[in-house]
Structures are given as C-alpha cells and as structure tokens.
Amino acid sequence: MDRSIVQLTLVRFREFIRQPEAVFWTFVFPILLAVGLGLAFRSRAPDKVKVGVVATQPAAASVIASLKKDSSLIVETMTDSAAALALRTAKVALLVVPENGGVRYVYDPQRSESANARLITDRAIQIGGGRTDPVKVTERRVTERGSRYIDFVIPGLLGMNLMGSGVWGIGFAIVDSRGKRLLKRFMATPMSRAEYLMSFLFSRLFFLILEVVTLLGFGALVFKVPMRGSFGELSVICLLSALAFGALGLLIASRARTVEGVSGLMNFVMLPMWIFSGVFFSSSNFPSLVQPIIRILPLTAVNDALRANMLEGTPITALGFQLAVIVGWLLLSFVLALKLFRWR
Amino acid sequence: MVTITPALVVRGLRKSYGDVKAVDGLDLEVQSGECFGILGPNGAGKTTTIEICEGLLERDSGDVELLGMTWEHEPDKLKEKLGIQLQDTQLSEKLTVAETLQLFRSFYKVGREVNDVIEMVQLEEKKTARVGTLSGGQKQRLAIACAMVGNPEILFLDEPTTGLDPQSRRQLWTLIEEFRSTGRTILLTTHYMDEAERLCDRVAIVDHGHIIAQGSPHELIESIGATIPPPPPRATSATLEDVFVALTGRTLRDE
C-alpha cells in the first residue's frame, strides 16, 4: 500500500469514480446508445405497401379484387385529383390507373419503396388475371443472428468506447495535472516518471475489463449478439486496442497545457474516426480512393478485428493486417509521446 | 578543521526568458538551520531563483549547490532531501487530505507518518474531507504538509501566505517556526515585510534579478536608520493586524 505505484494507481481510481460524469460517459452512455439503436433498427415484419387505385373506370373493380388477394398490399380507391395528391405526399407508393383493358402504373422509380410496390402490384394483378408461374417455388424463412444492425453496431460501439476512454481518460487527466501545476509539483519529489505513466496503464486495463464486459454482456444478453470467435483472442484484440488508444491519448496530451486546448485536439483526432471508421455504418460506403487511408486509421482496424472475431469467428491469425495497424499506432504514438512529453 | 557545509550556495546565477533577464548574476549563501527570506516586488526574480534551486528550472549560467550536492550529479538524492511548496500548485480536488498526503509520502524512501503531519498542520478534523472543500488557508497548510511529509532537510516556500487572511497567515508562521526550531533550513520568498521580519534570520532584497541588500532584518533596518528619519514613535509596537487578530480570536479559526 505504501508503494508509490500503488498510491498513484489508487489516485487514478479515486479520481475516476468520484467524477460521476466520467462514469456515465464510459459505462452508461454506450449502453443507452446500444438500446436506442437496437430499438430503432430492430428486426420486424416488412411494412405493408400502400397503393392507390384510380376508380373512374368499371375495369377498376376486377383490379381491386386482384390486389386485395395479396396480403402485403393495402389498397385504397381514390378519385383522380386525390390520387395525384396522395402520390405526391407519399401517402401511397404507387398509383394504379385502369385503362383500355390494361393498367398504367404511376410511380417514382427512384423511391425504393415505390419500385418495390411496382413489383408486388404487378405480380398481384397478373396472377389475378390468370397468370401461372412456370417454376414451382417453396420458401424457408430465416433471420440469422449476426447479420442484423445491432450485431453490426455493438462491436462498433465497443471500438468507439475503447478509443474514447483511452484518449479522454489518459489525455484529460494528464493535461489537467499539467494545467494545475501538479505535474510540476510531482517533478519536485522523487516520484518515478515511469511509475506515474504506468499508473495510467494499470487503471486503464482495469476499467477496460469493466467496459468490455458491460457492453458485450449487455449485447449478448439483451440482443443475443453472437460471440463466434475465441474469447481469449477477443481479449487480446481489446487489450492491444486499449493500449494503442491510451498511447494516442498520451501523445495528444504530451504538450498541451490547458484542458480546453487538448479537448479541441482530441476531437480533431477522433471525429474523422467516428465518421470514417465504420462505427455506425460500414466504412466501405466511402469512395475507393480514400479506402487506403481509412484502412490504416486505428479505429477502422479495431472495428474490423472486433467484427471479424465476434460475427464471423475469424481466428486472430487471419487478422494480421488489422493487428499490425493497431500495434503500429501503439508503438508510434508511445515513442513520440515519450519524446515530446512536457513534464512541467 | 571542521567546515560546515552551507545548506545552499548560489553563485553568479543567470536566467533569461527571451530578452528579459529574470535573474542577473545572483549570489546567495544560506547556512544550515537558518531561515532565509528572499524579498522583493513582483517580477523581481524571486520565483525563478527558488525554482532553479529546487531543480525545476534550467539555469543559463552560474552554480547551485545544495547540502554539498548539485542537480547535475545527484538529482535523486537531492529530491529526497528537499520539501517544496510551489506558488501555483492546485492539489487534486477529488482526493481527501489523508489520501493526498499518503500519495506524497509514497514518493519518499524515508519520511514522516501521515497522521503526524496532519496533526502538525492542524487538519485532523479535515482528514477525510475532499481537498476541493477546504478553505484557502487549509489548502495552503496541506501544501506545506505535502512539503514536510518527506522529512526534508531544506524547506522551500514560495510566497506561502500570499492571499491568506490574518489568522491563516499567523497559523502558517507558527508552523514555519516549529519547523525551524528542529534545526533545519528554510528558504522562503515573500513580499510582506512583516512576515520576513518575524520569521527570517537573514533576508536578501532582490530587484531586477539581483540582490540589492542582504543581512538580518535588524541590520537592514539599522542601515537605513541613519539616512531616513525614524517614523513618529508609537505607544506600542502593535499593528492594526494585531488588533484584528485580537478582536476576531487569537486561536486560529478555520472558517
């Protein structure tokens, strides 16, 4: 208990748990985010499609009868002018206008909902008119765990959390101490600089375990997010990621004197990764020109490695590129941080 | 022949910040067991001088020797023997008084019991209070406790009573006198003449980065006595501050 590494690490714990907002952002916020996203993008039966039929001709009756046989359609009959308004305001996805013994479809093919309505409506009308399909079809419906949005987003949230708590947790505490001249005061004692930095490492590793267990435990219990890879390998990925982001935090904090200054710097570093590194949506949505840059961002490598392990059960040996990126950032940031670090 | 090593020897000390010469050829010798005061207006170079002596600032030129050691040769050994209070340190507000002292105690190989130091600075009642809840005087006593917890040979105090109310000032003076009575050395900076007069065996008056007068408070007063007419005699030597302290209570109130 009297060793200074123990005391320094205890200080890290005390300062963290006595700061309710830090506890909230580290542990509660990711879970709230997961719940919100899980609810918003939960799997459900596909919506029924609303189509309007312009009932000015007697032929409309047989068209309506055909459409009503298809359970995935909601049919509304309307007058000409009401129909135009309904289509324009997206109350219906498509208009069916019976004419000359046939039908005319009025819709916007750019809207995927309308394009879908065109297919369903046409099928219903053709079947109603006596079409028989030449190929017999049977269906078996599966909704596979691992391919839902929540499965995609939980590893992304974990990666984002590892980045946030590494960069904030370490960077903020160091710059705060420097700004308050506490770091300078410590320099006037025989305190070991290595032990001071190690205390951040130890406390980070402890909180890392809590963070990972909370978020993944929540995902697995509530949303049944699959964990197909080895737990040991997942731990290695999380550990290396936490170290890399901690080193990045150390680098960002290595010279800044004020909390305001370092906050701007942290957002400048983290914001591109929140957007480009595939937290909420796949990074493959960005043009192929920028892909090489996106792939060497640390958060991209972390998210890709976490998803590969959890969703596909990929062994760590097949994640060489991602691990190389993570370890590369770890070494680069740490060495630079030690070189640049301002102790006073 | 026995020679007693002075606690602190400074020779030809110089330090500039750009064009500004903060310290400009300063010489100083502080004997072991002495309470030495560096006086001077703001910006005279007091803090720069003391921080160079503490090993916190690099000097441009000159020699600094503490207890026969130098920062170049024995920095680790020196740090064990010095107790330091800086002018602008803010201790972590989330920690308690006892936790703060335990932390500082853990940095030193040998030192004093945390509880003894808390008792010495009269913060027993605040032992488990967060630093953020302490008054200015209590925070300053804690800062001095942190400086004393390593059981130092030399205590550096940089404007220890600036901004404190009269009770807190006197409480700190008592604390400093107790430390001096154990035979150890104190180097303090101040811009309060009454403080220097009460605490210091010798003082150096610094302006524009060098010493313009040096000696015991008594000697310095004598030296100007001849050229400046003495102030009109007073009935007692009490000051208005004594009146204030007498009226508001001599026992040092915490709040």
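The values are calculated or read from the model by the stated rules, or taken from the named source; none is laboratory data. Being a predicted model, the structure only gives us computed values, none of them experimental. Ideal geometry is used to build each Cβ from the backbone, glycine not excepted, and the neighbour counts take in all protein chains shown.
Summary table
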item: Positions within the range B:102-140 being away from chain A (no Cβ under 14 Å) and free of Cβ contacts under 8 Å to residues at least 24 places away in the same chain, in sequence order; result: B:Asp116, B:Glu119, B:Glu124
item: From A:Arg228, A:Arg185, A:Arg193, residue being surrounded by fewer than 17 Cβ atoms within 10 Å (Cβ to Cβ) and within 14 Å of chain B (Cβ to nearest Cβ); result: A:Arg193
item: Test for A:Val175: is it within 14 Å of chain B (Cβ to nearest Cβ), crowded, with 16+ Cβ neighbours inside 10 Å, within 17 Å of A:Gly246 (Cα to Cα) and touching a residue at least 60 places away in the same chain (Cβ under 8 Å); result: yes
item: Matching strands (runs of 3 or more DSSP E) fully within the range B:1-53 where at least 1 residues are crowded, with 22+ Cβ neighbours inside 10 Å, at positive phi and at pLDDT 95 or above; result: none
item: Within the range A:243-344, helices (runs of 4 or more DSSP H) holding 2 or more residues that are within 24 Å of A:Leu208 (Cα to Cα) and within 18 Å of the chain's Cα centre (by Cα); result: A:259-276, A:298-307
item: Members of the range B:181-205 found to be touching a Leu at 6+ places or on another chain (Cβ under 9 Å), touching a residue at least 60 places away in the same chain (Cβ under 8 Å) and surrounded by fewer than 18 Cβ atoms within 10 Å (Cβ to Cβ), listed by number; result: B:His191, B:Met193
item: Residue within the range B:54-70 that is out of contact with any helix residue (DSSP H, G or I) (no Cβ under 6 Å at 6 or more places or on another chain), surrounded by fewer than 17 Cβ atoms within 10 Å (Cβ to Cβ), within 11 Å of another protein chain (Cβ to nearest Cβ) and not in a helix (DSSP H, G or I) present; result: yes
item: Subset of the range B:29-56 [more than 14 Å from the chain's Cα centre (by Cα) and within 15 Å of B:Thr70 (Cα to Cα)]; result: B:Glu29, B:Ile52, B:Gly55, B:Leu56
item: Qualifying residue in the range A:223-232 (condition: within 25 Å of A:Val327 (Cα to Cα) and β-branched (Val, Ile, Thr)); result: no
item: Cross-chain or 6+ apart pairs with Cβ under 6 Å, the range A:19-31 first and away from every other protein chain (no Cβ under 14 Å), then in a helix (DSSP H, G or I) and at pLDDT 85 or above; result: A:Thr26/A:Ser165; A:Phe27/A:Thr214; A:Pro30/A:Leu157; A:Pro30/A:Asn161; A:Pro30/A:Leu215; A:Ile31/A:Phe218
item: Any hit, the range A:122-144, residues being part of a loop (DSSP other than H, G, I, E, B), in contact (Cβ under 8 Å) with a residue 12 or more places away in the chain and crowded, with 19+ Cβ neighbours inside 10 Å; result: no
item: Positions within the range B:159-173 being in contact (Cβ under 8 Å) with a residue 60 or more places away in the chain and in a helix (DSSP H, G or I), in sequence order; result: B:Pro166, B:Gln167, B:Ser168, B:Arg170, B:Gln171
item: Test: residue in the range B:83-101 that is at the interface with chain A (Cβ under 10 Å from one of its Cβ atoms), among the β-branched types (Val, Ile, Thr) and touching a Pro at 6+ places or on another chain (Cβ under 9 Å); result: yes
